[in-house]
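Accompanying notes for the structure given below.
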Amino acid sequence: MSRKKILVTGGAGFVGSHLCERLLNEGNEVYCLDNFFTGQKENVIHLLENPYFELIRHDVTTPFFIETDEIYNLACPASPIHYQYNAIKTMKTSVMGAINMLGLAKRVNAKILQASTSEVYGDPLVHPQPESYWGHVNPIGERACYDEGKRSAETLFINYHKQNNVKIKIIRIFNTYGPKMHPNDGRVVSNFIVQALQNQDITIYGQGNQTRSFQYVDDLIEGMIRLMNSKDSFTGPVNVGNPNEFTILELAQKIIGLTGSTSKIIYQPLPSDDPMQRQPDISLAKKELDWSPKVNLDEGLIKTIAFFKSTI
Ligand code: NAD
Ligand code: UDP
């Protein structure tokens, strides 16, 4: 079997570093590209000894050229505090990053996968969310730089496919957690675990009755690879997430229980446009990819807690 050359943008981030490791383990040559905004070298440092791994500091808002067979386009901050830090840059990363990577895919005839998001559904009025739902997004709100950036990227992907026959795949990722999240990432699972392990107050935004459906990172990586390897006629978008839905209060209580923490729950203001509910309809992923999540929340949290215990 010939070794595939695979470019992973955002490869030093949380999801990207798991993906690089898995692709290397499968015998591929992996180019990990990152500007280290939210990612870090530590996430992939153990891969540097592998002769088939290269780490490249580059920003996807400027063009990049390499001979490659496949591109996984993950570059983009994913946590609300980080993507809102420089909203214009976030939008440039999604839009110019997509243009630059699609241009590269077209030039070298590579297959390209876009890491899209459940945020394209905004604060959804349809529940659970199927891919056919067009969403409910505020185009001028605090989340718009991310949501509209990702929506524009989907538009670019589908049109490069229709106009230029570029082989594309669009995955809509729902809330994913696991080892290698940055302790200051700011998303709910890592925040609550870090707070619980340090017996600090657990910060619930709003009443804690908003819901999310949490997917363990290994399940996501399996879904991404299955999508990349699916037949060319299947472009997505396809939801990949775990349909088990929990309120944020239930998540906090679960993490307190699993860590044996003495933390107290405190309530802080709910950020604007924070979606009230989210749950993927994964019928399409089951049918087209023969994929469904395998790791339940308790199992995944136990592994993630063990990771944070060893790092903080
Ligand atoms: P992350 O912040 O850990 O990783 C993003 C990576 O992209 C980081 O390494 C960061 O340094 C890099 N990056 C950001 N801007 C860049 C730029 N301009 N040029 C090059 N690199 C850049 O987040 P993550 O959770 O690993 O998310 C990875 C991808 O998956 C993102 O595109 C995100 O939108 C998508 N996604 C993730 C989730 C989730 O729950 N984890 C959900 C939906 C979508
Ligand atoms: N959240 C919270 N406390 C925190 C971090 C997040 O209550 O310390 C809430 C947040 O308001 C949202 C949910 O948890 O309702 C998920 O937030 P996250 O940032 O992880 O992801 P997203 O909102 O993008 O799904």
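None of the figures in this text is laboratory data; all of them are computed from the coordinates on show. Treat the numbers as computed from the prediction; the structure is a model and nothing was measured. Here the Cβ is made from the backbone with ideal geometry for all residues, glycine too, and neighbour counts use every protein chain on show.
For the range 72-90, a tally of residues being within 21 Å of Asp273 (Cα to Cα) and buried (at least 20 other Cβ atoms within 10 Å of the Cβ) returns 6. The set of residues in the range 9-66 being of a type in the set (A, V, I, L, M, F, W, C), within 16 Å of ligand 2 (Cβ to nearest atom) and in contact with a Leu (Cβ under 7 Å, 6 or more places away or on another chain) consists of Val15 alone. Within the range 223-282, the set of residues being assigned to a strand (DSSP E or B), more than 17 Å from Val295 (Cα to Cα) and aliphatic (A, V, I, L, M) comprises Val238, Ile265, Ile266.
Take the conditions buried (at least 16 other Cβ atoms within 10 Å of the Cβ) and in contact (Cβ under 8 Å) with a residue 12 or more places away in the chain and apply them to Thr62. Does it pass? Criteria not met by Thr62. Within the range 67-102, how many residues are in contact with a Leu (Cβ under 8 Å, 6 or more places away or on another chain) and near ligand 1 (Cβ under 7 Å from one of its atoms)? Of the residues in the range 67-102, 2 are in contact with a Leu (Cβ under 8 Å, 6 or more places away or on another chain) and near ligand 1 (Cβ under 7 Å from one of its atoms).
Considering only the range 196-212, I want to know if a residue exists there that is within 16 Å of ligand 1 (Cβ to nearest atom), out of contact with any Pro (no Cβ under 7 Å at 6 or more places or on another chain) and within 30 Å of Ile71 (Cα to Cα). Looking through the range 196-212, at least one residue is within 16 Å of ligand 1 (Cβ to nearest atom), out of contact with any Pro (no Cβ under 7 Å at 6 or more places or on another chain) and within 30 Å of Ile71 (Cα to Cα).
Screening Phe307 with (1) in a helix (DSSP H, G or I); (2) more than 20 Å from Arg22 (Cβ to Cβ); (3) of a type in the set (Phe, Trp, Tyr) gives one miss only, at (2).
Annotation: Tyr146 fulfils all but one of (1) crowded, with 19+ Cβ neighbours inside 10 Å; (2) over 30 Å from Lys309 (Cα atoms); (3) out of contact with any strand residue (DSSP E or B) (no Cβ under 9 Å at 6 or more places or on another chain); the unmet one is (3). Restricting attention to the range 173-213, the residues that are more than 9 Å from ligand 2 (Cβ to nearest atom) and aromatic (Phe, Trp, Tyr) add up to 0. Only one entry of Glu26, Glu21, Glu54 meets the criterion of being surrounded by fewer than 22 Cβ atoms within 10 Å (Cβ to Cβ) and away from ligand 1 (no atom under 16 Å from the Cβ), and that entry is Glu26.
Of all residues in the range 210-238, those being without any contact (Cβ under 8 Å) to a residue 60 or more places away in the chain and either out of contact with any Asp or Glu (no Cβ under 9 Å at 6 or more places or on another chain) or surrounded by 17 or more Cβ atoms within 10 Å (Cβ to Cβ) (or both) number 2.
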